[in-house]
Amino acid sequence: MDDLPDNSKEKQQSSDSDEQSSRKKKGVSRRDFLKLSGVSAAAPLVAKAGTLTQADAAVAEQGPGKVPVVLNVNGKKLRASLEPRVTLLDALRDQFELTGAKRVCDRGTCGACTVLMDGKAVYSCSVLAIDAQNNQITTVEGLGEPGHLHPIQQAFVDNDAQQCGFCTPGFVMTTAAFLNEHPHPTMEDIKHGLGGNFCRCGTYAGMRLAVMQAAKTLKGA
């Protein structure tokens, strides 16, 4: 910069000045924007406790410590004190000893933890227990029991539709929700309807036959 002729220095200074003027005309500079953003983000941190709104207070009451939770599971009201972060799957397995729903992927992709919520199939690992309080939840334990199997469960047995059995409860519950909406399914419907559940043993053929048998049994054919 020092090696430039005097007239070149003057041109450079004039160019810098014009650029700054142009930025001012366009509005807030990037640096000013970041400063304002920082102030805005910090504002809630310096608010006095006495200025909390009712909504803020309601949120504060639900965490981070344990809160009373009441779940309607298999026709019964189950109560526990849970942290708001506890999933429905963890509550069912760890608090209420309903271990039919299995934890496999724990990220809502395999379907082994499927339960029914108001008749719809959901991944219980992806639902917070505190958010499931006003819903009717059905697990595989509530569908049938040894000696009194549900037609879907019996169909899975009849068609040898399980190997290790780890994914089977999820498939059974998914089938229950599926047949509620598709009482007369085709084989192609079944393939699509069970698409959200994975079987690492590969017993899909037996499962599809089981769904077809259960459909016929449930409609009295």
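Computed from the coordinates by the stated procedures, all read-outs in this text should not be read as laboratory data. These numbers were taken from a predicted model, which means no experiment stands behind them. In this analysis, Cβ positions are derived from the backbone assuming ideal geometry, glycine residues included, and neighbour counts consider all displayed protein chains.
Among LYS76/LYS191; LYS66/LYS120; LYS120/LYS219; LYS66/LYS102; LYS76/LYS120, which pairs are too far apart, with a Cα-Cα distance over 22 Å?
From the list (LYS76/LYS191; LYS66/LYS120; LYS120/LYS219; LYS66/LYS102; LYS76/LYS120), the Cα-Cα distance tops 22 Å for LYS76/LYS191; LYS66/LYS120; LYS66/LYS102.
A DSSP coil position with no more than 11 other Cβ atoms inside 10 Å describes the following trypsin sites (Lys or Arg not before Pro) in region 70-114: ARG85, ARG107. Computed extension gain for PHE166 through THR109, at 0.36 nm per residue and net of the alpha carbon distance, reaches 19.0 nm.
Extension gain for the segment ASP118 to HIS148, taken as residue separation times 0.36 nm less the Cα-Cα distance, is 8.5 nm to one decimal.
The string of couplings for region 103-120 from the Karplus curve (6.51, -1.76, 1.60, θ = phi - 60°) is 9, 10, 7, 6, 9, x, 10, 9, x, 5, 9, 4, 9, 9, 10, 6, x, 9 Hz, one whole number per residue in order, with x for Gly and Pro. A simple rule links phi to the HN-Hα coupling: the Karplus curve 6.51 cos²θ - 1.76 cosθ + 1.60 with θ = phi - 60°, which for region 167-177 gives 8, 4, x, x, 5, 4, 6, 4, 5, 4, 5 Hz, with x for Gly and Pro.
Summing Lys and Arg as +1 and Asp and Glu as -1 over all other residues whose Cβ lies under 12 Å from the Cβ of GLN153 gives a net charge of -3.
Computed from the Cα positions only, the extents of region 92-166 along the three principal axes stand at 37, 24, 22 Å, in decreasing order. In a reduced charge model with +1 at each Lys and Arg Cβ and -1 at each Asp and Glu Cβ, region 144-221 shows a dipole moment near 80 debye about its Cα centre. Counting Lys and Arg as +1 and Asp and Glu as -1 over every other residue whose Cβ lies under 9 Å from the Cβ of ALA112, the net charge comes to +2. Over its Cα atoms, what ratio of radius of gyration to 2.2 N^0.38 Å does region 127-221 give? Region 127-221 yields a ratio of 1.08.
Near SER126: Cβ cut-off under 10 Å, other residues only, Lys/Arg at +1 and Asp/Glu at -1. The net charge is 0.
Region 186-221 and region 76-109 have Cα centres spaced 26 Å apart.
Computed over the alpha-carbon atoms, region 58-139 gives an Rg to Rh ratio of 0.95, Rh here being the Kirkwood radius from the mean inverse distance.
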